[in-house]
Amino acid sequence: MLTLVLGGARSGKSEVAERLAGEGPVTYVATGRATDEDMTARIEAHRTRRPKEWPTREPEHNELAAVLTEVRGKALLDSLTTWVAAANDFAVDADALCAALRKRDGDTVVVSDEVGLGVHPPTEVGNRFRDALGLLNQQVAAVADDVLLVVAGRTLRLT
């Protein structure tokens, strides 16, 4: 089962994804890196909240699809947003990611920001990021079994 969990910043999407991943062993695949104090604090909050027995993988940018393919059992990928943001010119291999997600042998929960509902970015780079992430979200949603939107900690199933 592949579930995509979308939501805005601080919407509660990661917490929803962690609950969906459930009990037992879950491999947490983290794409975010501590680049400043805010991101360091956010990463630490995620580490503190999730069960200590969940192993964490932090693949290099170009290794994400390969890591998802080799991880056995349940996996939680958090997040596509930071993966796209770290890519040179926001260019990611969406086809390889979607193929890896389809091939997985265990349940997978993927987290991503829904940036298309926010304020129109005032810069060209902001527009390119919004567009790149929006297109990737559409591609992952197309192969997902379930897509959820989290707003203020509440979950809506998208059909």
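The values are calculated or read from the model by the stated rules, or taken from the named source; none is laboratory data. Keep in mind the model is a prediction, meaning the values are calculated, not measured. FYI the Cβ positions are ideal-geometry reconstructions off the backbone, even for glycines, and counts take in every protein chain you see. Quick note on the areas: whole protein, heavy atoms, side chains included, nothing else; ligands and nucleic acids left out. Shrake-Rupley method; radii C 1.70, N 1.55, O 1.52, S 1.80 Å.
Per residue, how much accessible area does the chain have with a 1.4 Å probe, in Å²?
Computed with neighbouring chains in place, this is 55 Å² per residue.
What number, rounded to the nearest 500 deg cm²/dmol, is the helix-based mean residue ellipticity at 222 nm of the chain, given -39500 (n - 2.57) per DSSP H run of at least four residues and division by all its residues?
Result for the chain, helices only: -12500 deg cm²/dmol.
If we restrict to alpha carbons, what Rg and Dmax does segment 24-81 come to, in Å?
Both quantities, over Cα of segment 24-81: 11.6, 33 Å.
May I have the extent of the alpha carbons of the chain along their three principal axes, as whole Å values ordered from largest to smallest?
44, 32, 32
Rounded to the nearest 5, what is the percent of antiparallel bridges among the DSSP beta bridges in the chain?
Taking every DSSP beta bridge within the chain, about 20 percent pair in antiparallel fashion.
Determine the share of segment 24-159's accessible area contributed by carbon and sulfur atoms, expressed in whole percent, with a 1.4 angstrom probe.
Roughly 53 percent, rounded to a whole number.
Using r as the Cβ-Cβ distance of Thr35 and Asn127, and R0 as 22 Å, what FRET efficiency do you calculate, to the nearest 0.05?
0.55
Which lysines have a Cα less than 23 Å from the Cα of Lys52, not counting those fewer than 8 places away in the same chain?
Leaving aside lysines fewer than 8 places away in the same chain, those within reach of Lys52 are Lys13, Lys74.
For segment 84-159, just the Cα set please: Rg and Dmax, both in angstrom.
13.6, 42
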